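In what follows, a single structure is set out as C-alpha cells and then discussed.
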Amino acid sequence: MSASITVGELLVRCLQLEGVDFMCGIVDGAHIPFVRHLDAYGIRYVNTRHEEAAAHIAESYTRLTHRPAVVIGNPGPGGANALAGLTSAHGEGHPVVAIACTRRAAVNSPDRGGAWQATDLVAMARPITKFAALISRADRVPDLVRAAFRAATVGRHGPAFLAIPDELLNEEIDLGPLRVTPATHNRVLNVGAGDPGLIAAAAERLAAAQRPLLFAGKGVLWSEASGAFVQLGDHLAAAMSTTLGARGAVPEDHPRYFHIADATTLRAVRNDADVVLVVGARLGEYDGWGMPPAWGEPDEQFTIHIDADPMSIGLNRPVDLPIVADARAALEALGAEVRARCEPRKELAGAARYAELHDEAVANAAPAVLAEPARGVNPGQMVMAARDAFPRDAVVVVDGGNTTLWSVALNPVYVPDSFLYSVKMGYLGTGLPFAIGAKLAAPQRPVYLISGDGAFGFNAMELETALREGTPVVCIVAADDGWGMERTAHRFGGVPDDQVHGTELSASVRYDDLARALGCHGELVESIAELAPAVERSVASGLPSVIHVRIDPDLNANPIGYEQFRAARTY
C-alpha cells in the first residue's frame, strides 16, 4: 500500500537524500509545511537576520564540509535577498541550492497585476545560477530537486534555484509512483582518475621535467587532494603554488611553495617551468590568465591540465594534455606512475635565484610593516599579531579592500580549508557570515575574521545569529573610519583632496560596543601590545567577539600588494 505525505515533507525527504544536513534563511509563514519536518530528517536549520547573509553562511558551510547546503527565502523580497548572495556563490563556485516560495498560481502565473509579493524569481535567478526552475506540479518535486543538485555539484560547482508555489506545500501526494532516490543514484559523485593512457603520458612528462611546476586550484580542496598534490610535488622536488582561493592546499611554510603575494618570485618560477601541471583551476584574472607575462609562453612549456569540469580545461591557457578527472583520484594515480618512473629528487632547480628574489620582496615590504603609526596600529603588524594568536589549523576569514591585501600578504595559511575570502567577487560583507558558516561546519576549529570596518558593517547584525547559534568566532575589525581601498585609489590616481568623495565613515562608531549591545564580547585595541591579550580574553569569553582595532589610516592607505592587485587586472 502506497504512503501519502505532504509535498512539504516530500521536499525535505528529497533534500536529505541529496546529502543535505544544513539549511539557513528566514522563515516565512509559507514555509511552515516544509520546515516543520526538518528535525525528523536530520537537517539543522539556522535563522539569520538577512537572506543574503544566509547564502554566504551556506557558502562557507559547504566549503568546509564539501557537501551542498540550502538557503530559503520567502516570496518576493526574501527570495530576492537570497539571490544577491547567490551572486557570490556563482562567482566562487559554491554548491548552494536556494529554495523560495512564490505566491499561489492563481495570482502569480502570470502576475495578475498588483498581487502581493508576486516576483519572477526564476527569471531573476537564471543568469547567476547553473539551474533555475519553478516546481509547478507536486509530482515534479523529486525530478527538479535532482536536477538542481546535479547542476550544483557536477562539473564546476555552483548555485541552483528552485521556486515553489506556497499552496503546493500543504498538498498530499502518493509516494508510490514517484522516484525518490539517494544522491548516489541521481548524479555523478566522482568522475574517477581519468584516462589511464593520459595519466601515463602525464607521468612521463613530469618524470622527465627539469623544472616542473604544480599549480593547485580550489578543485584540489573540494576533492580533498592536498595530500596527494604535495606528495607528488615532494617526489619531483617541484615548485608549487596555488590560486588565491586554494590557499592552504600547500602549507605556506613549505620550502618549495611560492606565495601569490610574492609576484616577482612567482612570475620567475612560472616562466622558468618546462612542464606545468594545473589541477582544479581555471587560471583566471588573479592568475594572469595563465599567459605571459605572468607565465611562460605556452608553446615553450608543456601544460597538463586536470579538472573534473571539461569546460574549465584550456579555458584561458592552451593545454597540451587535458585530463578530465577527479583531482584526488588523478593525483594518486599520477603519483604512482611518476614514482615508478623516477627516484625522489632532492633539489628545486633555480632555488638559490628564487630565494634571492624572495628576500628582495621581503626587504621591499619591510618598511610598510615596520612603519611606526602616527596613531593607532600598523595594519600589517595587526595581521601578523592575529596570526600568532591562533593555532596552525585555525580558519581565517578575510573581508574588505586594503585589509584583505594586508591579510593575504601577512597571514600564512597552513592547512586545507582554512582560508575563506570572496576571491572572484570581492564581495564585501561576506566576512562575518563566512566565519559563522565555518564555525557551524567545524565547531572544533578556531575561526577568526580579519575585516575592514566598512565591510564589517554590511552584515554586522549577524552577530546576533552567531550568539544564538553558539558560534564563538573572533572578529578583528581594522577601523580606519573609512573606505580604505577607495582612499588608496584616489591617491593612486592623483585626485586632489578637495575632489575626494565618499571615502569617509563616522569616527564615533565602536564595533566593540555594538558587540556588547548584542550580548557578545567586545574589546577596544589602540596599540599593538594590546591585541594579543584582547584575543586571549575574547577566546576565553566563549562568545562571539569583536575586537575594534584603531589602525593608522595613512599607513592603511598604502598596503602591501596594491600595485600588484591593480596590475593583475590589466593583462
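Per-structure values
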{"read-out": "Assigned charges on the beta-carbon of Lys, Arg, Asp, Glu; region 164-312 dipole about Cα centre (debye)", "value": "540"}
{"read-out": "Percent antiparallel among DSSP beta bridges (both partners in region 371-568, rounded to 5)", "value": "5"}
{"read-out": "Projected label distance in nm at Leu370 and Arg516, using a 7 Å step from Cα toward the beta-carbon", "value": "3.8"}
{"read-out": "Residue order, fewest to most beta carbons within 10 Å, for Trp406, Trp289, Trp295", "value": "Trp289, Trp295, Trp406"}
{"read-out": "Fewest-first sequence of Arg387, Arg140 by Cβ atoms within 10 Å of each Cβ", "value": "Arg140, Arg387"}
{"read-out": "Inter-centroid distance (Cα atoms) of region 1-63 relative to region 220-288, Å", "value": "37"}
{"read-out": "Modelled FRET efficiency - R0 35 Å, Thr264 with Arg341, Cβ distances, 0.05 increments", "value": "0.60"}
{"read-out": "Cleavage-rule hits, GluC sites (Glu not before Pro), region 174-280, DSSP coil, Cβ neighbours within 10 Å at most 15", "value": "Glu224"}
{"read-out": "Taking region 196-354 and dividing mean pair separation by its residue count, relative contact order in percent (alpha carbons under 8 Å, at least six apart)", "value": "31"}
{"read-out": "Cα shape, region 196-354, gyration tensor, a/c 1.5 rule", "value": "rounded"}
{"read-out": "Alpha carbon centroid spacing (whole Å) that separates region 543-560 from region 411-474", "value": "16"}
{"read-out": "Virtual spin-label span in nm between Asp195 and Phe492, 7 Å along Cα→Cβ", "value": "4.3"}
{"read-out": "Antiparallel bridge percentage (DSSP; both residues within the chain; nearest 5)", "value": "5"}
{"read-out": "Mean separation of Cα contacts under 8 Å (6+ apart) over length of the chain, as relative contact order %", "value": "13"}
{"read-out": "Fewest-first sequence of Thr242, Thr264 by Cβ atoms within 10 Å of each Cβ", "value": "Thr264, Thr242"}
{"read-out": "Pair Glu300, Arg67: separation of 7 Å Cα→Cβ label points (nm)", "value": "5.0"}
{"read-out": "Kirkwood Rh and Cα Rg combined as Rg over Rh, evaluated for region 371-568", "value": "0.95"}
{"read-out": "J(HN,Hα) series, region 129-142, from Karplus relation 6.51 cos²θ - 1.76 cosθ + 1.60, nearest Hz, glycine and proline x", "value": "9, 7, 7, 8, 7, 9, 7, 8, 10, 4, 6, 8, 3, x"}
{"read-out": "For region 4-185: relative contact order, % (alpha-carbon pairs under 8 angstrom, 6 or more apart)", "value": "27"}
{"read-out": "Extension gain from Ser506 to Ser541, taking 0.36 nm per residue of separation minus the Cα-Cα distance", "value": "9.8 nm"}
{"read-out": "Derived scalar couplings ³J(HN,Hα) [region 471-481; Karplus, 6.51 cos²θ - 1.76 cosθ + 1.60; whole Hz; x for Gly, Pro]", "value": "10, x, 7, 9, 9, 9, 9, 7, 9, 10, 6"}
{"read-out": "Amide H contacts of Leu505 (H built 1.01 Å from N, under 5 Å, at least 5 apart or other chain)", "value": "Gly482, Trp483"}
{"read-out": "Positive-end residue, region 317-466 charge dipole about Cα centroid, Cβ charges, pick of Phe458, Thr403, Phe434", "value": "Phe434"}
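Just so you know, all these numbers are worked out from the coordinates, no wet-lab data involved. No experiment lies behind these values; they were computed from the predicted model shown. Please note: Cβ atoms are built from the backbone with ideal geometry, for glycine as well, and neighbour counts cover all protein chains shown.
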